[in-house]
Amino acid sequence: MSDKSVHERIKKEYERLKKEYEELPDSMLSVLDKTILNTATLEVRIEDLSEYLHEHGYTEPFTQSPNTPPYDRERVETKTYKDFIKLNQVNYRVLADIQSKMVNVTSAEESDGFDEFVNDK
């Protein structure tokens, strides 16, 4: 884990992600700001959980009674880790879709019409 506080690490990741999408119009960036912040937060939390799980393992011994032998069950952190990864994939998909749509709009504006003509046939 980093020596920086969680807040500092989230801020640094947020700035990194914001820079990746800086070519988007300001109006679009303001709409995506919360998604970028959530993505940065999840990235830091996933990193921390990954380190924890690497150190402690994905399962833990569990028993419901002193009379039964323990069995391995998934740690709560493991489920949280998997949930965060899924949420982050959705966030990245949203950001990538918006970015590709903006690139397509930009390239369509710069197009001479030949590709559209060929694709329509």
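Which entries of 11/86; 12/86; 11/101; 19/82; 4/101 show an alpha-carbon separation above 25 angstrom in the structure shown?
On the way: 11/86 21 Å; 12/86 22 Å; 11/101 27 Å; 19/82 27 Å; 4/101 36 Å.
Over 25 Å Cα-Cα: 11/101; 19/82; 4/101.
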Q: Could you check the simple spin-label distance between residue 73 and residue 33, using points 7 Å along Cα→Cβ, in nm with one decimal?
A: 4.3 nm
Q. Counting only residues 5 or more places away or on other chains, whose amide H sits under 5 Å from the amide H of residue 59 once H atoms are built in the peptide plane?
A. 75
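Just so you know, all these numbers are worked out from the coordinates, no wet-lab data involved. What you are looking at is a predicted structure, and each value in this text was computed from that prediction instead of being measured. In this analysis, Cβ positions are derived from the backbone assuming ideal geometry, glycine residues included, and neighbour counts consider all displayed protein chains.
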